Amino acid sequence: AVVVPGARAGRRLLELLVERCEERKLALVPPRIVTSGALPELLYRGADTACSDSMRLLFWLKALRSFPPEKLRRILPSPPREDDFSGWSALAAEIDSIYSELSAAGRSFEDAGRICLECPDFVDEERWLVLHEVCRAYLNLLEEKRTADKYMLRAGALQAGELSFNGRICLLSTVDLNEISRRMLGLLDSEVLALVHAPAAMADFFDEFGCLKTAAWRELDI
């Protein structure tokens, strides 16, 4: 499998492979090409049992609507009206986006609230703690329907150490893999090769998975 930064890079890679094989009169058996965001689903079983992205939004929407307006006002000043379906949908999508980003970093809404408490002169912790309550309602709904989202499945597979891949993984210029992906790769027995487009003298600026070493770049003159 070849992991690329985005879908466009994946399409271009396949085009280049086709061109090279045509030039050399070779048959092409292409690798599996996935984006860095979809990498974790290659590494554990049961990924296909997760609910779809659209279903996930509906679960968020239902969880949000189960809370009284006075509680939701701690998240935003003016919650959507009862009949404002587009407003509820937009709010659900926004919260799902934050949830996805936190999950990719191995964090939760509760973690964010706790970190806020540790920051001087930062008074946003209540909003995060209410979001944590909404998230618990969301997860309870998933459990009732006997389904899960991909972020729950990723966390479960990582915690249980049930990770595997039959073949070699090539990381192609994926310099910003998220925390969950890096943890998963670190537990794999499969060969992982990182390709970085940079001079060999800059090897110390990247880690074993080709990701940026932040500390090294801080001291670099741009």
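The values are calculated or read from the model by the stated rules, or taken from the named source; none is laboratory data. As the structure is a prediction and not an experimental result, all values here were calculated from the model. Neighbour counts run over all protein chains shown; Cβ positions are idealised from the backbone, glycine included. What goes into the accessible areas is simple: the full protein's heavy atoms, side chains included, and nothing from ligands, DNA or RNA. Shrake-Rupley method; radii C 1.70, N 1.55, O 1.52, S 1.80 Å.
Go through (1) over 30 Å from ALA1 (Cβ atoms); (2) aromatic (Phe, Trp, Tyr); (3) in a helix (DSSP H, G or I) for TYR99 and report which single condition fails.
(1)
Within region 91-132, restricting attention to residues that are under 15 Å from LEU64 (Cβ atoms) and either β-branched (Val, Ile, Thr) or at pLDDT below 90 (or both), which residue is surrounded by the fewest Cβ atoms within 10 Å (Cβ to Cβ)?
Kept after step one, since they are under 15 Å from LEU64 (Cβ atoms), are these residues of region 91-132: 91-99, 109, 127, 130-132.
Retained after the next criterion (residues that are either β-branched (Val, Ile, Thr) or at pLDDT below 90 (or both)): 95, 98, 127, 130.
Values: ILE95: 21, ILE98: 14, ARG127: 16, VAL130: 18.
Across region 91-132, the extreme among qualifying residues is ILE98.
Which residues, counting only those in region 40-68, are part of a helix (DSSP H, G or I) and under 15 Å from the mean Cα position of the chain (by Cα)? Full working, then the answer.
Let us first name the residues in region 40-68 that are part of a helix (DSSP H, G or I), namely 40-42, 47-49, 53-65.
Once the filter is applied, which keeps residues that are part of a helix (DSSP H, G or I) and under 15 Å from the mean Cα position of the chain (by Cα), region 40-68 yields PRO40, GLU41, LEU42, ALA47, ASP53, ARG56.
Can you go through LEU131, LEU163, LEU141 and tell me which one is in contact with a Phe, Trp or Tyr (Cβ under 6 Å, 6 or more places away or on another chain), in contact (Cβ under 8 Å) with a residue 24 or more places away in the chain and in a loop (DSSP other than H, G, I, E, B)? Break it down into steps so the answer makes sense when it comes.
Values: LEU131 fails: in a loop (DSSP other than H, G, I, E, B); LEU141 fails: in a loop (DSSP other than H, G, I, E, B).
Sole residue among the options that is in contact with a Phe, Trp or Tyr (Cβ under 6 Å, 6 or more places away or on another chain), in contact (Cβ under 8 Å) with a residue 24 or more places away in the chain and in a loop (DSSP other than H, G, I, E, B): LEU163.
Can you tell me which residues in region 22-39 are loosely packed, with under 11 Cβ neighbours inside 10 Å and in a helix (DSSP H, G or I)?
Hits for region 22-39 are GLU22, GLU23, ARG24.
If I ask for residues that are open to solvent by less than 30 Å² (accessible area, probe 1.4 Å) and part of a helix (DSSP H, G or I), which ones from region 169-222 would you list?
ILE180, SER181, MET184, LEU185
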